[in-house]
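*Asks:* Below you will find the structure I want to go over with you.
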Amino acid sequence: MSIRKNKNGIWQIDFTTPNGERVRCSSKTTDKKLAQQMHDKLKHEAWQIDQLNKRPERTVEQALIRFLEKSEHQKDLDTKIRHAKYWRETIGHKLLSSLTSDDIYNNLPTHVLKTGKKLSPSTQNRYRTSIMRALNLARQAGWVDTIPFLAKNEEPKKRVRWITKDEANLLLKNMTLEWMRDICFFALMTGARMTEILTMTWSKIDFSQSIAIVTSDIAKSGRARALPLNRAAINFLRQKETKRISDYVFHRGKGKMITDIDRDHLHKALELSNISDFRFHDFRHTWASWHVQAGTPLLTLKELGGWETTEMVQKYAHLNADHLLTYANHVKFTSNGLIDTTKLEAKNDDLENIEENKKSRKLLISKA
């Protein structure tokens, strides 16, 4: 029997190809009829490959399944599942061999289904990245020789919104929720991301090294890193440690992990402080901006903030040009048309008068 049921009721496929290779896999169904159909399809494809040297046709849906299998342990799996569901519903039935760039372009999502809000070019690019990754995996697996290409949307330049130290002090003063004020203060002192702050535990803080450990499951890059703590952050944590009631550093008073900040409270404090166009992530921009203005080199800032590349911190470069001033004077050039010549003309007149006096004296001597 080429299919058999396991202890969980799932039918397993087991057959040998014409070239002697054994194929064993799960049908992932409890329906015997569907399992038999899948078995027959796989066996027929194996025969075509061996006897006719014909590659079996694959669909976009199959490529999406492979894409999700490869993404199983990634942090953004939920996002990729959402993207895969969308593409399966729109072009999942299409054969990879007949898929075109227009098929992808014409089916790019334009609006959020629930709210009707228009999607940004960057969000559309995320959907594009997911389908292109699925197609690339299909090509790597030998399912198709070529895949269509779709250029990315042009995205607006990334904003850098930061506030001054006076504005930051006023904002913190206008926060009445102590736990919110603590989180925002810590963000300003360390540049830590929201998730890094909310998941921080006392076991991850090393006072002797003045660092907090950001584990790989929390780090945006997927790699663990050390979050440097300045004196203000250390003193702040020392004070909080005296009131410790759980392993979580930040909580609302009952020791449980905070899953999100109070955005309404933040917006109210921003209004009271007369600060507009400011989001929580802008605390990180503010921290980075203060560093650059204080003379911190961009490469050092990259390490402090846990950015992956120097390009990610280039957006702060314009905040400090002191390091360029020395080199600015390396090139020197003067133009007569741009120089005040009044004094030079007066000096020339004096020289001419001296020459005339000399000539007059010579004439008097010769006559004598």
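*Asks:* Using the Cβ atoms and a cut-off under 11 Å, what net charge is assigned to the surroundings of Ser216, where Lys and Arg are +1 and Asp and Glu are -1?
*Replies:* +3
*Asks:* Of the options His265, Ser289, Ile131, report the single residue whose Cα projects farthest towards the positive end of the charge dipole of the chain (beta-carbon charges: Lys, Arg +1; Asp, Glu -1).
*Replies:* So the residue we want is Ile131.
*Asks:* Just order 150-159, 197-206, 73-82, 124-133 by mean Cβ neighbour count inside 10 Å, highest at the front, would you?
*Replies:* 124-133, 197-206, 73-82, 150-159
*Asks:* A further question on this structure: What is the sum of charges around Asp145, taking Lys and Arg as +1, Asp and Glu as -1, for the other residues whose C-beta is under 10 Å from the C-beta of Asp145?
*Replies:* For residues surrounding Asp145, the net value is +2.
*Asks:* Under a Cβ-Cβ cut-off of 14 Å, what is the net charge of the residues other than Asp76 that fall near it, where Lys and Arg count +1 and Asp and Glu count -1?
*Replies:* Net charge in that neighbourhood comes out at +4.
*Asks:* Still on this structure: Using alpha carbon centroids, what distance separates region 133-187 and region 202-229, in Å?
*Replies:* What the calculation gives is 20 Å, centre to centre.
*Asks:* Could you work out the mean projected area of the convex hull around the alpha carbons of the chain, in square nanometres to one decimal?
*Replies:* Mean projected area of the Cα convex hull: 39.4 nm².
*Asks:* Rank by packing, highest mean first: peptides 181-194, 282-295, with packing defined as the count of other Cβ atoms within 10 Å averaged across residues.
*Replies:* 181-194, 282-295
*Asks:* Using Cα centres only, tell me the gap between region 1-33 and region 252-295 in whole Å.
*Replies:* First find each Cα centre; the distance between them is then 55 Å.
*Asks:* Also, I was wondering about something else. Go through Lys240/Lys302; Lys75/Lys118; Lys5/Lys33 and tell me which ones have a Cα-Cα distance over 18 Å in this structure.
*Replies:* As for pairs spanning more than 18 Å Cα to Cα, those are Lys240/Lys302; Lys75/Lys118.
*Asks:* As a test of the definition: which semi-axes, in Å, follow for region 60-140 when you take the square root of five times each eigenvalue of its alpha carbon gyration tensor? Largest first, please.
*Replies:* Working from the Cα gyration tensor, I get semi-axes of 20, 16, 10 Å.
*Asks:* Using the count of nearby Cβ atoms within 10 Å as a rough guide to exposure, how do Trp307, Trp47 rank from fewest to most?
*Replies:* Arranged by neighbour count, lowest to highest, Trp307, Trp47 become Trp47, Trp307.
Every number in this text was worked out from the coordinates using simple rules, so none of it is lab data. Here the structure is a predicted model, which means the values were calculated and not measured. We place every Cβ from the backbone using ideal geometry, glycine too, and count neighbours over all the protein chains shown.
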